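Everything below concerns the one structure shown next.
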Amino acid sequence: MSDKTYPPSAEFAANAHADAATYEAMYTASVTDPEAFWGEHGKRIDWIKPYTKVKNTRYDFGDVDIKWYEDGTLNVSANCIDRHAAATPDKTAIIFEPDEPTEPARHISYRELLEQTSRMANVLKGLGVGKGDRVVLYLPMIPEAAYAMLACARIGAVHSIVFAGFSPDALGARINGCNAKVVITADEAPRGGRKTPLKTNTDKALLHGNDGVKCLVVKRTGGQTTWIDGRDFDYNALAAEASTYCTPAEMNAEDPLFILYTSGSTGQPKGVVHSSGGYLVFAAMTHQYTFDYHDNDVFWCTADVGWVTGHSYIVYGPLANGATTLMFEGVPTYPDAGRFWAVCEKHKVNQFYTAPTALRALMGQGNEWVVKYDLSSLKLLGTVGEPINPEAWNWYNDVVGGGRCPIVDTWWQTETGGHLLTPLPGATATKPGSATRPFFGVQPVVLEPTTGEEITDTAAEGVLCLRDSWPGQMRTVWGDHERFMKTYFSDYKGYYFTGDGCRRDADGYYWITGRVDDVINVSGHRMGTAEVESALVAHETVAEAAVVGYPHDVKGQGIYAYVTLMAGVEATEELRKELEKWVRTEIGPIAKPDLIQWAPGLPKTRSGKIMRRILRKIAEDDFGALGDTSTLADPSVVDDLIENRMNRA
Ligand code: WTA
């Protein structure tokens, strides 16, 4: 951690949407009279029937109910497309940069976006999809992913995107979880020169699915294999026949726009539900202010649309603002470690937004990959997904940004819809490693973890909660409002609990210290340790498993699994490989354990509870500080675990 500060340049501040005085004034207004503030800023989007009520939110445990703009009606796709297609039809909405640099990039204008989205919407209607129906998307990072999201929004269907790196099992669970009518996929997803067989994966997922799910297949590579008539539909053929206009459906502000599954500390991933009106207002406003987006800027968020970052900052936020947004199909290191910077130069990117893990990986490849490109178009850099270490921050600032570009370290979550803690680049002096201050309308509080008392001193350390609501907040867990209330509103009554720990310094700046629950953050991807454990114990040789995170130079955290085998099973190198592969196929490559330690026993209390604190310490190679082990049923297991630990300095 570093306390060096980087104030915005006078020039940047002068041209920014908000300088320091504007931020202070708007922030104060937003928390003293949220009703008036959000009533005004809700007008940034077009409403079919304007709202008369702005905020109606309750956090009483057992009765959590969040509504914004509840009597307004709108259509999200009309806001992201039609109003710009009318005003600036030829403006580029999406720049598509394919995996292979030799394949030409494509520029999709707002006019074309309207036609393509309408075609997709009409195809979906033709398959029987209507208002409120669920559609699962399992797609590469191609323009059709954006068309499909917006097409769902256009007809009032609810999309649920499954990251293309997830396994058939994970996909199947999500298709069944929301009772989807249609799954939209592609033949294959090219990524880093390799191809993921999305359609084949979907075939497997549908084997155990509900009958009657239809599969709409977009052609990407032409590498098509099996086809089931009556279930599988050729998107390109249907789209060619479909009408180029589809009337947008009138939706209520509180109608769900999408479901997105995310990992928590217990059980299987939960379907986070976002609204139409409040979500769009918040995504658009944060996009404009955090990135200081101006008309005609080219904005690039390197996330995948399978994550919330892609939802809010590749598609909904930028397009609601009439921006030009770049969609990149590939990876940072293909064909070489200069790809990000080559794309920035090629498309004259102005704002660039990525994850610290990518920066750490690229930093290790040497500066020559960066400096050979002309990065003078860059005005601002952003990070998201995990804490950024000062070394990576400094490298980003000096080598990528040439010392010219403010860095916005944005802290938020799938649940929050958009940025909650972030610098505004013309207003906030930044400190490397700190997500700095709250966005408008956001009221962070630091609580003492055990008593739940709010710490009112400026300098504080504890768990991070939020007081009151903001328009982009999730509304429920799909099909399980109880779980929503229990997960976020029961540990600390009257607040939204983020699951993160934080420190607030004497200047009132927030520093996220990481999750305080059993969620780990691997390369910026959220993973529940319980998910990996349940995948491991599903293997016939495994009796018991406990999974924890440990510090990893590039990934931020790595996955460390302690595995107890069934009696008589031999612990071999082959079995270790087999278990790694097993988790990859059960969940996906991002869940593969980095280290597996054979554990003859796990440290448990006399009541049988696994003492994770001890397992974490051993995984961190910090077993000198194990603390009190006297409550263990069998303290000797700890010695064995230390003796055979896998992560040694
Ligand atoms: C972590 C991603 C530190 C945090 C948008 C949070 C961060 C979880 C930051 C949410 C940041 C996200 N600094 N930690 N700037 N941004 N996190 O739902 O632990 O995939 O709770 O949303 O990532 O991950 P999610």
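Derivation of every value follows stated rules applied to the coordinates shown; laboratory data play no part. If you're wondering where the values come from, they're calculated on a predicted model, not measured in any experiment. Backbone-built Cβ (ideal geometry, glycine too); neighbour counts: all protein chains shown.
A compact table of results
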item	result
Selection from ALA633, GLY588, ALA151 lying farthest towards where the dipole of the chain points positive, charges on Cβ	ALA151
Kirkwood-based shape ratio for the stretch 6-129, expressed as Rg/Rh from alpha carbons	1.09
Loop-located GluC sites (Glu not before Pro) in the stretch 244-349 whose Cβ has at most 15 other Cβ within 10 Å (DSSP)	GLU250
Segment HIS107-VAL537, extension gain: residue separation times 0.36 nm, minus the distance between their alpha carbons	150.0 nm
Computed magnitude of the charge dipole of the chain (debye, nearest 20; Cβ of K, R +1, Cβ of D, E -1)	920 debye
Kirkwood hydrodynamic radius of the stretch 257-342, from inverse mean 1/r over distinct Cα pairs, in Å	14.4 Å
Convex hull volume per residue for the stretch 299-348, taking Cα atoms only, in Å³	62 Å³
Tail weight of P(r) past 20 Å, computed on alpha-carbon pairs of the stretch 223-288, percent	62 percent
Cα centroid separation - the stretch 83-126 against the stretch 613-649, whole Å	55 Å
FRET efficiency, 1/(1 + (r/R0)^6) with R0 22 Å, evaluated for SER265 and ASN179 via beta carbons	0.30
log10 of Debye I(q)/I(0), alpha-carbon scatterers only, for the stretch 57-193 at 0.12, 0.19 Å⁻¹	-0.60, -1.16
Separation of the GLU453 and PHE623 label points, Cα + 7 Å toward Cβ, nm	3.8 nm
Helix-derived mean residue ellipticity, 222 nm - over the chain, DSSP H n ≥ 4, -39500 (n - 2.57), to 500	-8000 deg cm²/dmol
Sparse-neighbour loop sites [chymotrypsin sites (Phe, Trp or Tyr not before Pro); the stretch 209-264; at most 16 other C-beta within 10 Å; DSSP]	TRP227, TYR245
Surface/4 estimate of mean projected area, convex hull on alpha-carbon atoms of the stretch 498-649, nm²	10.6 nm²
Average projected area [Cα convex hull, the stretch 403-481], square nanometres	7.0 nm²
Radius, Kirkwood style, for the stretch 570-649 when every pair of distinct Cα atoms is counted (Å)	13.9 Å
Along each principal axis, Cα extent of the stretch 315-424, largest first, Å	37, 30, 26
Kirkwood Rh, Cα atoms: Rg over Rh of the chain	0.95
Spread of Cα-to-Cα distances over 10 Å intervals beginning at zero, given as percent, for the stretch 160-221	24, 59, 16, 2
The stretch 228-307 and the stretch 170-201: distance between their alpha carbon centers, rounded to Å	16 Å
Point-charge dipole on Cβ atoms (K/R +1, D/E -1) for the stretch 501-563, about Cα centre, debye to 20	260 debye
Furthest towards positive pole of dipole, ILE642, ALA189, ASN122, structure part the chain, Cβ charges	ASN122
With 10 Å bins from 0: P(r) over the stretch 158-271, alpha-carbon pairs, percent	12, 39, 34, 14, 1
Modelled FRET efficiency - R0 41 Å, LYS53 with TYR334, Cβ distances, 0.05 increments	0.25
Per principal axis, descending, Cα span of the stretch 530-572 in whole Å	36, 21, 11
The stretch 65-133: radius of gyration over Cα atoms, expressed as a fraction of 2.2 N^0.38 Å	1.46
Euclidean distance between Cα centres, the stretch 392-442 to the stretch 24-70, Å	25 Å
Kirkwood hydrodynamic radius of the stretch 116-211, from inverse mean 1/r over distinct Cα pairs, in Å	13.3 Å
Cα-projected label distance for LYS486 with SER607, points at 7 Å along beta-carbon direction, nm	1.7 nm
Inter-probe distance in nm under a simple model that places probes 7 Å from Cα toward Cβ, at ASP374 and ILE228	5.3 nm
Potential lengthening between SER9 and ASP639 on full extension [0.36 nm per residue; Cα-Cα distance subtracted]	221.3 nm
Spin-label proximity, PHE61 to the stretch 224-268 - amide N less than 19 Å from point 7 Å beyond Cα toward beta carbon	265-266
